[in-house]
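The values are calculated or read from the model by the stated rules, or taken from the named source; none is laboratory data. Model, not experiment: these values are computed from the prediction. Surface accessibility is based on the protein's heavy atoms, side chains included, excluding ligands, DNA and RNA. Shrake-Rupley method; radii C 1.70, N 1.55, O 1.52, S 1.80 Å.
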Amino acid sequence: MSSCVLLPLLLEKLVAQGLQSGLGLADEPHVEIRGDLPLGALAGEFEEGQVTFANPELPGDVRPDEVTVDLDPFDLDVLGSVASGRLRVEEPVSGELRIELSEEEIVEIATVFAASPVGEVELEEGRFVVGSEVELLGVRVPVSVEWELDVRDSVLHFEPVRAKALGEPVPDELLAGASFEYPIGEL
């Protein structure tokens, strides 16, 4: 096996060990680094990568099933990384973060902020609908709210998109100020 093929494997192992140590993880995350072999790898130029944390234990109460970071193209100091045993990058590595939450986790988080018990939850990518009942003039009224969910600055942001009461749309003005945030700690 040539050193050009082994180099990405060695760098993946360095990344996994560094993340496990730095984040205090019980297990190493799965790391894949892809680039133009052999010249790009030797020059430290990588087109993309992916880091996957299965069942990570994050600070706080959120327990995602999986956290994935799709890395943007990046340049490494290959010799410095191999010599030091630590990953050395020329500029901070960036990418897109995805957090996969189970329906039970969404219900638990929504329950923390709900004014009434949470009933049915329907999940779609980046969105979910929470069904509940509220008491209005002594009568239990079925209500559903569709929320958008994203992650920014180590915080889950929940933003209401639309709501229905008794199956009819609720005016958007009633949703103003109904968003909430849930910190998930540093990643």
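Counting only protein heavy atoms and a 1.4 Å probe, the stretch 120-187 has 66 square angstrom of accessible area per residue. Summarising the amide proton neighbourhood of Val89: residues at separation of 5 or more, or on other chains, whose placed amide H is nearer than 5 Å comprise Asp77.
The string of couplings for the stretch 50-55 from the Karplus curve (6.51, -1.76, 1.60, θ = phi - 60°) is 8, 10, 10, 9, 8, 6 Hz, one whole number per residue in order, with x for Gly and Pro.
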